[in-house]
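Beneath this line is the structure, given in structure tokens, with notes to follow.
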Amino acid sequence: MFDLPKNDIIYVSCSGGADSSLLLFELTKFHKERDIRPIHFYKEDVPLYIRKEKMNKIFNLITKLNKYTFKSVYYRKTDSKNYLNITMSDFEKFHQKYKGFSMIGVTKNPNISFGEETVDNERQGKKYQNLDEKETPYFKYTKRDLAQKYYNYSLHNNLFPLTFSCIVNTEEHCGECWWCKERLWAFGRIIWH
């Protein structure tokens with residue numbers, strides 16, 4: 001499914017959002033023979049044990065669904081000063097110690113306004129534009145395109161509810177920020193209960 005370099009460990013940046021969780025799912029489903037390792041970059045706005053608890057639910061479900069066992073899972077504190085949890089320098093520092101190939105499950109912004117100026121400008125800026133398509137395989141798709149994949153794989157009632165997009169609240173989706181609105185636009189709802 002993905003064009004992966006031979007013999008490299010595949011590191012997947014996993015934010016806990018719908019995009020990166022789907023990327024990890026697809027990689028472990030279609031490339032079982034590869035050494036795929038999730039990395040979760042975090043800030044100290046939420047205690048690490050809470051982040052690990054949330055991320056482990058995602059990792060454990062993917063392990064169960066795809067019968068894939070991760071050799072390692074990494075948690076790294078980010079240098080990021082903004083609302084997002086990852087910077088390119090985070091990856092660069094990580095790769096000084098760990099060699100391999102990195103992938104990010106970032107999508108393009110939808111061609112629609114949610115009635116506010118705060119959009120995910122980082123996606124369309126230089127941060128991801130210089131990355132190879134192999135590193136950002138979903139960059140040509142919107143979150144709505146990925147929502148269709150969730151339905152195709154029957155992940156909308158099990159994996160999707162574990163994912164989290166909101167940058168305002170850490171426990172529940174606020175329903176008001178740009179990321180919650182994008183999630184609603186893509187999936188038709190923010191979460192399933």
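For the reader, a short list of remarks on this structure follows.
- Listed by first and then second residue, the pairs with beta-carbon distance under 7 Å, at least 6 apart or on different chains, first residue in region 153-169 and farther than 13 Å from residue 61 by Cα and part of a loop (DSSP other than H, G, I, E, B), second basic (Lys, Arg) and open to solvent by less than 40 Å² (accessible area, probe 1.4 Å), are 165/183.
- The condition (being at pLDDT 90 or above, part of a helix (DSSP H, G or I) and under 17 Å from the mean Cα position of the chain (by Cα)) is satisfied by just one residue among 138, 150: 150.
- Scanning region 40-76 for residues that are under 20 Å from residue 102 (Cβ atoms), without any contact (Cβ under 8 Å) to a residue 60 or more places away in the chain and of a type in the set (Val, Ile, Thr) yields a total of 1.
- Here residue 170 meets the list (1) over 13 Å from residue 20 (Cβ atoms); (2) open to solvent by 40 Å² or more (accessible area, probe 1.4 Å); (3) at pLDDT 90 or above almost entirely, failing just condition (3).
- Single condition residue 85 does not satisfy, out of (1) modelled with pLDDT under 75; (2) assigned to a loop (DSSP other than H, G, I, E, B); (3) open to solvent by 80 Å² or more (accessible area, probe 1.4 Å): (3)
- When residues in region 14-30 are screened for being of a type in the set (Ser, Thr, Tyr) and surrounded by fewer than 24 Cβ atoms within 10 Å (Cβ to Cβ), 2 of them pass.
The values are calculated or read from the model by the stated rules, or taken from the named source; none is laboratory data. A quick note: this is a predicted structure, and the numbers were derived from the prediction, not measured. Cβ atoms come from the backbone with ideal geometry, glycine included; neighbour counts cover every protein chain shown. Calculation scope for accessible area: heavy atoms of the full protein, side chains included, ligands and nucleic acids excluded. Shrake-Rupley method; radii C 1.70, N 1.55, O 1.52, S 1.80 Å.
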